[in-house]
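J.: The structure's right below; bear with me while I get my questions together.
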Amino acid sequence: MWEDLEVALEKVKADKRKEKPSPDNLGFGVHFTDHMFLMKWDRENGWHDRKICPFQDFTLSPAAMVFHYGQAIFEGLKAYRGKDNQLLLFRPKDNFERMNNSALRMCMPRISAEKMVKVLRALIYLEKDWVPTAPGATLYIRPTMIAVEPTIGVKASGVYYFYIILCPVGDYYAEGCKPTRIYVSDEYARAVKGGVGSAKTAGNYAASLYMSEIAKKAGCSQVLWLDACEHKYVEEVGTSNIFFKIDDQLITPPLEGSILGGLTRDSVLKLASSWGVDVVERAISIDEVLEANEKGRLREAFGTGTAAVISPVGEFFYKDRSYVINNNQTGELSARLSQALQAIQNGYQADPFNWVVRVV
Ligand SMILES: *Cc1c(COP(=O)(O)O)cnc(C)c1O
């Protein structure tokens with residue numbers, strides 16, 4: 001597995017390894033494994049200095065461009081300890097290809113998606129004892145690229161780091177799957193067509209925090225974003241894409257530049273279609289959603305993303321009014337999609353789309 005990778009290996013000595021966190025208190029993104037992958041890029045050498053090394057702090061100039069102009073992109077995926085103790089990844093190449101789309105938009109260098117899948121498999125294999133064993137717990141994977149040239153002048157950086165760090169995370173639904181209460185934002189916007197909403201870039205998340213705080217104060221866990229021009233059409237919810245089941249049709253907004261193209265979204269579209277569900281990608285206004293709800297035609301609404309897979313919406317809070325969806329219950333299709341996707345991700349169900357990649 002290490003041949004032809006061109007990756008140096010600096011292992012943490014056995015007696016210097018970290019203690020593993022208690023399995024019932026993993027939290028999200030607070031514990032990091034012993035090793036990370038790191039490589040550097042400059043114009044002369046391209047990507048070089050590839051290494052798997054101890055998880056470590058960086059020393060960066062205060063002028064490093066990422067601190068000033070925000071060239072930072074990332075990905076999020078998981079390693080699953082599935083059937084028969086196999087270590088599995090879900091569509092990892094698609095994550096690295098999406099990262100290349102983000103890189104293009106942010107004037108950052110491309111990576112080889114194929115090579116990065118190999119590197120990731122080697123890294124996970126080295127850290128296999130960190131992949132949690134509890135049901136639903138996973139090893140979260142965060143590939144990241146940042147601009148580190150120490151120059152204050154607005155332009156694309158000439159030097160970058162790319163790294164992959166890993167965190168064991170607990171079952172998202174440890175306390176059961178409760179439909180969420182969602183704040184519909186009719187004042188602030190996340191992204192605008194022609195902007196950077198379709199890139200997984202740091203600034204989008206900074207831009208969302210203020211509205212998230214308002215939502216929290218109103219007792220909501222996430223924000224449903226509407227389009228930035230008219231505050232009319234539904235875009236996405238927090239760091240998830242959104243689906244509505246109206247009558248027998250499953251509807252999600254189309255990817256037209258301001259929405260992040262989730263891999264869970266894409267998997268839901270493909271899986272539901274394969275079951276014969278009538279699936280459409282089209283613009284849908286918040287008025288249409290709430291009117292369908294009023295008439296009892298909105299059967300289900302749910303978010304999709306790597307962290308929660310399928311997250312049912314129980315209630316929308318819009319212009320100071322609450323709208324309860326499906327009696328605040330998880331819908332039939334939401335439950336079926338959630339079960340099927342997780343069964344595929346964990347190797348318990350046939351994988352008709354070849355989404356799952358074994359670590360070894
Ligand atoms: C990552 C992300 C998603 C979900 O993507 P997945 O690949 O399904 O995890 C949706 N919206 C935003 C804004 C995101 O950052």
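Read-outs: derived from the displayed coordinates by stated rules, not from any lab. Keep in mind it's a predicted model, so treat the numbers as computed, not measured. A quick note on method: Cβ atoms are made from the backbone with ideal geometry, for glycine too, and the neighbour counts reach across all protein chains shown.
J.: Rounded to the nearest 0.05, what FRET efficiency do SER61 and GLU230 give with R0 = 45 Å and r taken as the Cβ-Cβ distance? Could you check? Display every interim value, and only then the final one.
T.: Values: r = 43 Å, r/R0 = 0.95.
Efficiency, rounded to the nearest 0.05: 0.55.
J.: Using Cα-Cα distances under 8 Å and only pairs 6 or more residues apart, what relative contact order does the chain have, in percent?
T.: Over the chain, the number comes to 18 percent.
J.: For the residue pair ASP351 and LEU5, what label-to-label distance in nm results when each label sits 7 Å from Cα along the Cα-to-beta-carbon direction?
T.: Computed distance between label sites ASP351 and LEU5 equals 1.9 nm.
J.: Treating only the Cβ of Lys, Arg, Asp and Glu as charged (+1, +1, -1, -1), what charge dipole size does the chain show about its Cα centre? Round to the nearest 20 debye. Could the numbers behind the result be given before it?
T.: Numbers: 43 positive and 44 negative charges, 138 e Å.
Once rounded to the nearest 20, the dipole reads 660 debye.
J.: Only loop residues by DSSP count here, and only those with at most 12 other Cβ atoms within 10 Å; note down the trypsin sites (Lys or Arg not before Pro) in region 20-92 that meet that.
T.: ARG43
J.: Loop-only chymotrypsin sites (Phe, Trp or Tyr not before Pro) in region 31-82, please: DSSP not H, G, I, E or B, and at most 11 other Cβ atoms within 10 Å.
T.: Answer by residue number: PHE58.
J.: Cross-link candidates for LYS155: which aspartates and glutamates have Cα within less than 16 Å, leaving aside residues fewer than 8 places away along the same chain?
T.: ASP42
J.: With n ≥ 4 as the cut-off for DSSP H runs, can you work out [θ] at 222 nm for the chain, using -39500 (n - 2.57) per run divided by the number of residues, rounded to the nearest 500?
T.: When only DSSP H runs of four or more count, the value is -7000 deg cm²/dmol.
J.: For region 312-360 and region 34-90, what is the separation of their Cα centres, given in Å?
T.: 29 Å
J.: So, one more: Which entries of LYS11/LYS118; LYS270/LYS295; LYS20/LYS217; LYS193/LYS217 have Cα-Cα distances beyond 26 Å here?
T.: Over 26 Å Cα-Cα: LYS270/LYS295; LYS20/LYS217; LYS193/LYS217.
J.: Under a straight-distance cross-link criterion of Cα-Cα below 20 Å, which lysines are reachable from LYS216, leaving out those fewer than 8 residues away in the same chain?
T.: Within the straight-line limit of under 20 Å, LYS216 reaches these lysines: LYS178, LYS319.
J.: My understanding is that a pair violates if its Cα-Cα distance is over 29 Å; which of LYS128/LYS200; LYS13/LYS83; LYS40/LYS128 do that in this structure?
T.: Details: LYS128/LYS200 27 Å; LYS13/LYS83 31 Å; LYS40/LYS128 25 Å.
Over 29 Å Cα-Cα: LYS13/LYS83.
J.: Next question. Compute the acute angle (0 to 90°) between the alpha-carbon long axis of helix 263-274 and the principal axis of greatest extent of the alpha-carbon atoms of the chain; round to the nearest 10°.
T.: Taking Cα atoms only, the helix is inclined about 50 degrees.
J.: Evaluate E = 1/(1 + (r/R0)^6) for ASP320 and ASP248, where r is the Cβ-Cβ distance and R0 equals 30 Å; express this FRET efficiency to the nearest 0.05.
T.: 0.40
J.: Right, here's the next one. For region 1-70, compute the orientation-averaged projected area of the C-alpha convex hull (one quarter of its surface), in nm².
T.: The Cα convex hull of region 1-70, projected and averaged over all directions, gives 7.8 nm².
J.: Ignoring the sites themselves, what is the longest stretch of the chain with no GluC sites (Glu not before Pro) in a DSSP loop and at most 15 other beta-carbon atoms within 10 Å?
T.: No qualifying site falls inside 45-174, the longest such stretch.
J.: Working from Cα positions, state the angle (0 to 90°, nearest 10) between the long axis of helix 92-105 and the longest principal axis of the chain.
T.: 90 degrees
J.: I would also like to ask the following. Return the loop-located trypsin sites (Lys or Arg not before Pro) in region 146-201 (DSSP other than H, G, I, E, B) with at most 16 other Cβ atoms within 10 Å of their own Cβ; answer none if there are none.
T.: LYS155, LYS193
J.: Determine which aspartates and glutamates satisfy two conditions relative to LYS18: a Cα distance under 15 Å, and not lying fewer than 8 residues away in the same chain.
T.: ASP34, GLU127, ASP129
J.: Across 10 Å bins from 0, what is the distribution of all Cα-Cα pair distances for the chain, in whole percents?
T.: So the P(r) values, bin by bin, are 5, 23, 32, 26, 12, 2, 0.
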